[in-house]
Amino acid sequence: MDIIQIHELTKDYGDHKGIFDVSFSIKEGESFGFLGPNGAGKTTTIRHLMGFINADKGRCTIKGMDCKQEVQRIQQFLGYVPGEISLPEDMTGMEFIEFMAAYRGLKELTLAHRLIERFELNPKGKIKKMSKGMKQKVGIVTAFMHNPEVLILDEPTGGLDPLMQNRFIDLITEEKQQGKTILMSSHLFEEVERTCDRVGMIKQGELKAIDTIEQLKASQKRTYIVVFEDEAQAVAFAAEPLQIVAHEGNRVIVSVQQDMNLFIASLHRFSIKDLKAKEQTLEEVFLHYYSDIQ
Amino acid sequence: MINIALLKREIKGSYILWLIFAGILLMYISIIVTMFDPALGEVLKQFSVAMPQMMAMFGMSVVGATLIEFMANYLYGFLMLIFPMVFVVILANKLVAKHVDSGSMAYLLAAPNSRKKLIRTQITVLMGELVLLILFCTIVGIVASNSFFPGKLDVSAFIRLNIGVLGLHLAIAGFCFFASCISNDTKLSLGLGAGVPTFFYLILMLGNMGGKLEPLKNATIFSLFDSYQLMDNVAAGWWKVGVAAAIGILFFVIGSRIFQKRDLPL
């Protein structure tokens, strides 16, 4: 069953800004990664799902309920982390968490306390004095504390340090095991790779591609920086039947997709000083992958 | 109907503002009441003769012989118009536009409470605190008059005066709330909410100076508060209060309707 359905959703802000005929759906228990450069329309799409804005055309539903008309019912089982954390500054973290619980009509704070512990959040301080990461943690607690069935997360790990990003990924993995449906926008390859089943790429307001994470990983290119003993070797290496991206002094940058064995065999014949793998962001993978289509 | 958690939160976030305005008005009301003195009335009359336009501009042209007339002139011609107005402008902006501008509205909407319920709660806070402020001023006025000049105040006329001023501020509150509901940022909300009533007040000041500009006196929202008609308990005075309250309610209704439907930049 499709939990989230988006059908020909259009919001034209003029000047080619907005989203245009975006359609996709997310099945029950599925986790969907939403990717795209800044201003591509990720947040605009999420705003429709949250009922913040009206579509010019098309519609979106969550569990069959219209995101604008029946927003009140949807919010009962929805957890949301906004892209920009802006908490009321005059409250302490705990005051805000308690306020949000009371505002929702949630009496049980056990889950909230468990999340506070999990993210090592000290909620006693004033929000005004908190770092971005701390505020993000408060936002995560309020999004998960009512054990929602559906999660909409807009760049949820922004501001978190790598340790906490990992804890967040663990949390998402657990939520997925419980059968939660997740829509998450992100910039981090690892985050999406470890948590999402499918990934959609949006660019200039148009959904360019949807793929499973396996397909995406298969098409991923690895880029290596090889440093040789001397320049002569680098020149000789650059003549090998490999995809050479750049060559400068004793350094060569190689892109490897399917021909991994060939690459290793070539390396064997040279005297190597250093070998580094260059991390590729998921966006780079996508842009590369679909550069032929565009 | 309303959300109690949000109501508590907004009261907690605004009671200091209320206390500041209540404190200012407490001070002014007490001072003005103690200033009442038939002999001082003579001095003020001399002021009026010496610089009639200056005194007229602030609605202080008629020097009252009785305590209630004195208060109507010196309190309800300027201070009781301006201070509650500023309070209402600040609070109305804080209750809606500030949440939208800062983005904290996203949290309020990411919960199973409708926009309608949210906005009704905010209206309750604004109207509640306004009524309490005017009620407080009424009590202060009565207590101060009775302690300094026992038996000198026409209490029922004074209460009528306060109901009238409440009607006027309800109209202003409705407009400010409307401005807050339609704005994406506090700049627009405050600009409209403070700008329009202030503009009206300036027009009133010009009208009060008399001469060719005299008709302007009746061309502003402030002319819906006619202190002399209310003191005399004339029907026309009550009609004006009714119109002011109706304007306020109309703006509250339109503002919340627009807020419920519109796109929010969150």
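Rounded to the nearest whole Hz, the Karplus-based 3J(HN,Hα) values (6.51 cos²θ - 1.76 cosθ + 1.60, θ = phi - 60°) of the range B:190-207 follow the sequence 6, x, 6, x, 8, x, 5, x, 5, 4, 4, 5, 5, 4, 4, 4, 4, x, with x at glycine and proline.
Loop-located trypsin sites (Lys or Arg not before Pro) in the range B:68-164 (DSSP state not H, G, I, E or B) with no more than 14 neighbouring Cβ atoms inside 10 Å: B:Lys152. In this model, which of A:Lys135/A:Lys221; A:Lys11/A:Lys63; A:Lys17/A:Lys276 are farther than 29 Å apart at the alpha-carbon? Check vs 29 Å cut-off fails for A:Lys135/A:Lys221; A:Lys17/A:Lys276. Per-residue shielding of A:94-105, expressed as the average number of other chain Cβ atoms within 10 Å of the residue Cβ, stands at 4. Under a Gaussian network description of chain B, with springs only between Cα atoms under 10 Å, the residue in B:Ile24, B:Ile172, B:Ile159 that fluctuates furthest is B:Ile24.
Carbon and sulfur atoms: what percent of the 1.4 Å accessible area of chain A do they account for? Can you show the working numbers first?
Details: 6660 of 13880 Å².
Solvent-exposed carbon and sulfur of chain A make up 48 percent of the total.
Note on B:Phe47/B:Val155: beta-carbon distance plugged into 1/(1 + (r/R0)^6) with R0 of 25 Å gives a FRET efficiency of 0.30. Net length available on complete extension from A:Lys221 to A:Glu89 is 43.1 nm, with 0.36 nm assigned per residue and the Cα-Cα distance removed.
Please compute the Kirkwood hydrodynamic radius over the protein assembly as shown, one decimal place, Å, based on all pairs of different Cα atoms. Don't jump to the answer; show the numbers that get you there.
Numbers: mean 1/r = 0.0357 Å⁻¹.
Evaluated on the protein assembly as shown, it is 28.0 Å.
Compactness of the range A:116-224, taken as the C-alpha radius of gyration over 2.2 N^0.38 Å, stands at 1.19. Ligands, DNA and RNA left out, the 1.4 Å accessible surface of chain B is 72% carbon and sulfur atoms.
Taking GluC sites (Glu not before Pro) that fall in a DSSP loop and have at most 11 other Cβ atoms within 10 Å as cut points, what is the longest piece of chain A between them?
Values: sites that count: A:Glu108, A:Glu120, A:Glu279.
After excluding every exposed loop site, the longest remaining stretch is A:121-278.
Are there trypsin sites (Lys or Arg not before Pro) in the range A:38-122 that DSSP marks as loop and that have at most 11 other Cβ atoms within 10 Å, and which are they? Don't jump to the answer; show the numbers that get you there.
Numbers: sites: A:Lys42, A:Arg47, A:Lys57, A:Arg59, A:Lys63, A:Lys68, A:Arg73, A:Arg104, A:Lys107, A:Arg114, A:Arg118; in loops: A:Lys63, A:Lys68, A:Lys107.
Filter output for the range A:38-122: A:Lys107.
Dividing the mean sequence gap of close Cα pairs (under 8 Å, 6+ apart) by how many residues the range B:4-261 holds gives a relative contact order of 24 percent.
Using a Förster distance of 60 Å, how high is the FRET efficiency between B:Val143 and A:Asp161, based on the Cβ-Cβ distance and rounded to 0.05?
Numbers: r = 59 Å, r/R0 = 0.99.
Here the calculated transfer efficiency is 0.50.
Here's the list of aspartates and glutamates a cross-link from B:Lys45 could span, going by alpha-carbon distance under 17 Å and ignoring same-chain residues fewer than 8 apart: B:Asp37, B:Glu69.
Sort the range B:4-261 into rounded, prolate or oblate with this rule: let a ≥ b ≥ c be the square roots of the eigenvalues of the Cα gyration tensor; rounded if a/c is under 1.5, and if a/c is not under 1.5, prolate when a/b is larger than b/c, oblate otherwise. Prolate, since a/c reaches 1.5 and a/b exceeds b/c. The range B:218-233 and the range A:172-209 have Cα centres lying 63 Å from one another. Only protein heavy atoms count here; under a 1.4 Å probe, A:Leu188 has an accessible surface of about 70 Å². Accessible surface of A:Lys217, taken over heavy atoms with a 1.4 Å probe and every protein chain present, rounds to 90 Å². Protein heavy-atom accessible surface, 1.4 Å probe, per residue over chain B: 43 Å².
Tell me, what is the per residue accessible area of chain A in Å², probe radius 1.4 Å? Let's see the in-between values first.
Working: 13880 Å² over 294 residues.
That works out to 47 Å² for each residue.
Pairs with C-alpha atoms separated by more than 19 Å, drawn from the list A:Lys68/A:Lys208; A:Lys128/B:Lys98; A:Lys203/B:Lys261; B:Lys8/B:Lys94, are A:Lys68/A:Lys208; A:Lys203/B:Lys261.
Between A:Met260 and A:His187, what is the FRET efficiency for a Förster distance of 35 Å, r being their Cβ-Cβ separation, to the nearest 0.05?
Numbers: r = 27 Å, r/R0 = 0.76.
So the FRET efficiency works out to roughly 0.85.
The values are calculated or read from the model by the stated rules, or taken from the named source; none is laboratory data. Computed from a predicted structure; not experimentally measured. Every residue, glycine among them, receives a Cβ derived from its backbone with ideal geometry; neighbour counts consider all protein chains shown. Just so you know, the surface numbers come from the protein's heavy atoms only, side chains and all, with ligands and any DNA or RNA stripped out. Shrake-Rupley method; radii C 1.70, N 1.55, O 1.52, S 1.80 Å.
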